[in-house]
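Okay, structure first, notes after.
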Amino acid sequence: MNDTQIVIVLLSRQQDRLSRQIKALYDEAFDYSTLRRWRDGWAELPLLKYHPDLLPCVDALLAVMAEGRCPLRVMDSARVEVWSYHKACWPRLKELGVDLSGYMNDFGAIDPELKRRFRRRYERKRRLSPTEQAHWLKDTLVPMVDAHVASNVAKVELAGSIARKQRRVIDAVNRFRRR
């Protein structure tokens, strides 16, 4: 299996876990200890550095819950941050140029054969824990995203440099025309 296939299987599992947690977060079917456990798991999310407000918002919710309060504004901030992370993962792969349709079945789910191949190859004896999956995903996906972001930054810097040079040429032409 190649890195893209591994990332897709692991990301799919992460997304399934997050979907269940987000549903419970919106249904308010959670308590302080459950949210604390989820928060500890969310601290391992591979693309967390691209969502720097997620943990602080959840920590703020935990702090007010510890006081016996739960203001809607604080709860909504935490919900939105977790939901935003969840919704950004698949589009991020598309940004990297991954054609997800090649890894999905007719119903829009990850191809079961891909999942089976992953289990046969990497989980013969035991299933990887969520923490192990998160670390592997982080080790594989983050360098891909970082390289893509660095490439975009370089392109923007190059475009800025070209624009500055063009501006200097335009300014010189304008000065020449005024003479």
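The values are calculated or read from the model by the stated rules, or taken from the named source; none is laboratory data. In this text, all values refer to a predicted model and were calculated from it rather than measured experimentally. Note that each Cβ is placed from the backbone with ideal geometry, even for glycine, and that neighbours are counted across all protein chains shown. We work out accessible area using only protein heavy atoms, side chains counted, and drop any ligands, DNA or RNA first. Shrake-Rupley method; radii C 1.70, N 1.55, O 1.52, S 1.80 Å.
List of remarks:
- About the centre of its Cα atoms, the chain shows a dipole size close to 920 debye [charges on the beta carbon of Lys, Arg (+1) and Asp, Glu (-1) only; nearest 20 debye].
- Portion, in percent, of the accessible area of segment 46-179 that falls on carbon or sulfur, probe 1.4 Å: 56 percent
- The Kirkwood hydrodynamic radius of segment 66-120, based on inverse pair distances between different Cα atoms, is 14.3 Å.
- Normalised convex hull volume, the chain, alpha-carbon set, Å³ per residue: 175 Å³
- Annotation: per residue accessible area for the chain equals 62 Å², rounded to a whole number [probe 1.4 Å, protein chains only].
- Normalising the average separation of contacting C-alpha pairs (under 8 angstrom, six or more residues apart) by the number of residues puts the relative contact order of segment 3-133 at 32 percent.
- Leading residue at positive end of dipole, segment 60-179 (Cβ point charges), from Y103, F176, P130: F176
- Computed from phi, the 3J(HN,Hα) profile of segment 84-98 under the Karplus parametrisation 6.51, -1.76, 1.60 (θ = phi - 60°) reads 4, 4, 4, 6, 8, 5, 5, x, 5, 5, 5, 4, 6, x, 7 Hz, with x in place of Gly and Pro.
- About the centre of its Cα atoms, segment 1-98 shows a dipole size close to 160 debye [charges on the beta carbon of Lys, Arg (+1) and Asp, Glu (-1) only; nearest 20 debye].
- Ranking F118, M75, L54 by how far each Cα lies toward the positive end of the dipole of segment 3-133 (charges on Cβ) leaves F118 at the top.
- Here is how the number arises for the chain: DSSP H runs of 4 or more residues each give -39500 (n - 2.57), the sum is divided by the residue count, and the result at 222 nm is -26000 deg cm²/dmol.
- Pairs exceeding 19 Å between alpha-carbon atoms, taken from K49/K115; K23/K87; K94/K138: K49/K115.
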